[in-house]
Amino acid sequence: MEGTLLPAWLVVPACALLMLLVAFHLMRVAQKPGTPPSRRRIRIANTMLLLAIVPLLAIGLSLINPDEQPRRMAFVWTTTIALLGMSIGLACLDILNTVRIFHRRRSRLRRHLRALQEDSTVGQEAAHE
């Protein structure tokens with residue numbers, strides 16, 4: 001399309017390939033065993049946002065002429081930036097959730113090690129008697 005930021009022949013196939021990769025990633029995240037449910041939910045939501053962002057990028061870069069449709073262009077880019085902000089927010093939430101999971105696992109491991117240490121101490125005391 002004449003007057004767009006980038007040619008459609010370049011952007012549309014690249015975005016289609018990117019959407020396939022993101023969809024593949026979504027399937028992997030959804031099916032990965034051993035992933036905590038909270039982490040899975042956050043990552044699925046973020047991947048779904050990416051599936052919405054990619055076509056908006058294609059539209060904003062190659063299908064809308066900003067000179068002919070300035071309002072539509074502003075709407076597409078405002079929506080894209082808002083969704084990117086939400087995606088960054090989910091990434092930050094994922095970081096905080098990972099820290100939470102780490103602290104919980106570390107606490108559980110400490111309790112387990114303390115219990116093992118107490119068991120071995122009791123066993124050693126019984127052996128000395």
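Figures for the structure shown
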| item | result |
| --- | --- |
| Residue satisfying all of: in region 29-63; in contact (Cβ under 8 Å) with a residue 60 or more places away in the chain and closer than 20 Å to Phe75 by Cβ; surrounded by the fewest Cβ atoms within 10 Å (Cβ to Cβ) among these | Leu63 |
| Among the candidates Ala58, Ala45, Ala30, residue that is within 30 Å of Ile95 (Cβ to Cβ), part of a helix (DSSP H, G or I), small (Gly, Ala, Ser) and touching a Leu at 6+ places or on another chain (Cβ under 7 Å) | Ala45 |
| Some residue of region 78-101 being assigned to a helix (DSSP H, G or I) and over 24 Å from the mean Cα position of the chain (by Cα) | no |
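Okay, residues lined up against (1) in contact (Cβ under 8 Å) with a residue 60 or more places away in the chain; (2) exposed (fewer than 14 other Cβ atoms within 10 Å of the Cβ); (3) among the β-branched types (Val, Ile, Thr):
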site	(1), (2), (3)
Gln69	no, no, no
Arg72	no, no, no
Ala82	no, yes, no
Cys92	no, yes, no
Ile95	no, yes, yes
Val99	no, yes, yes
Leu109	no, yes, no
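Throughout, read-outs are computed from the coordinates displayed, never taken from laboratory work. Quick caveat, the model's predicted, so the values are computed rather than measured. A quick note on method: Cβ atoms are made from the backbone with ideal geometry, for glycine too, and the neighbour counts reach across all protein chains shown.
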